[in-house]
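Enquirer: Handing you this structure, nothing more for now.
The values are calculated or read from the model by the stated rules, or taken from the named source; none is laboratory data. From a predicted model like this one, the values you see are computed outputs, not experimental measurements. Please note: Cβ atoms are built from the backbone with ideal geometry, for glycine as well, and neighbour counts cover all protein chains shown.
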Amino acid sequence: MADAPNIGVTLGRRLQRVGIDTVGQLEAVGDEGAFARVTEIFPDEANVQTRLALAGAVRGVRWTKLSKTLRSRLTAKVTGKGKSRAAKGLSFEQVAALGLKLKGVETSPSYGTPALKLRGRLLARLREDRKTVVVKTSFDEREVLLGLDPRTFFVTDHYLKYPWVVVRLATVKESAMRELLERAHRAVSAELPERTVADEPVASAPVAPRRGPLMS
């Protein structure tokens, strides 16, 4: 196998192909110590593919630096024959079902197509082609996604200057979409003003009956 210059581009794709989405899954496959420094750099990043890509960009981690055991096990995972692979592809209805599990999310139209919103702020919407969905993200995360899976994640000129990524429904995995929506939810939540007691609806106090001649 040819050595790769960046672990984010090369190993990230290998992990994605075999459905390794968490650090725990990766550690079960290979050498836990080989990725200890990655965990230290990005302790809050749950997705191992993103973590590896970011670590590779920052530290210049090389495929050749991994232990032979880990490389061989990952290679076996990628080239293994007769193993079933996770099904890909989602409908927007499935995407909406994932989004509606997040607190405060609701569906409503946006630019004439179905969309997911949080307190009126857009999280994601089905594009006019009915084959792709645009999702709120960050510029940094978008760059990582484009490098890891350009068949699924891309950006059009319209969104180039905005923190959004376009996702192909036919190729996206449910786990990837779920995480993308969760991150969008956190991002939009952080942009919203905090609710105060004054914002909450106040229940009307019961009105005491007037004392009339019949109640005296």
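Enquirer: Based on what the data block shows, is residue 180 at pLDDT 90 or above, touching a strand residue (DSSP E or B) at 6+ places or on another chain (Cβ under 9 Å) and not in a helix (DSSP H, G or I)? Explain how you work it out, then say what you get.
Expert: Numbers: at pLDDT 90 or above: yes; touching a strand residue (DSSP E or B) at 6+ places or on another chain (Cβ under 9 Å): yes; not in a helix (DSSP H, G or I): no.
So residue 180 does not fit the description; no.
Enquirer: Follow-up. Go through the range 100-160 and tell me which strands (runs of 3 or more DSSP E), entirely inside it, have 1 or more residues that are in contact with a helix residue (DSSP H, G or I) (Cβ under 6 Å, 6 or more places away or on another chain) and of a type in the set (Val, Ile, Thr).
Expert: Numbers: elements: 105-110, 113-118, 121-126, 132-136.
Passing ranges, in order: 105-110, 132-136.
Enquirer: Now for a separate question. Suppose the filter is within 27 Å of residue 104 (Cβ to Cβ), in a helix (DSSP H, G or I), hydrophobic (A, V, I, L, M, F, W, C) and at pLDDT below 90; does residue 198 pass it? Even if it seems obvious, please write down each step before you answer.
Expert: Values: within 27 Å of residue 104 (Cβ to Cβ): yes; in a helix (DSSP H, G or I): yes; hydrophobic (A, V, I, L, M, F, W, C): yes; at pLDDT below 90: yes.
Taking the combined requirement at face value, the residue satisfies it.
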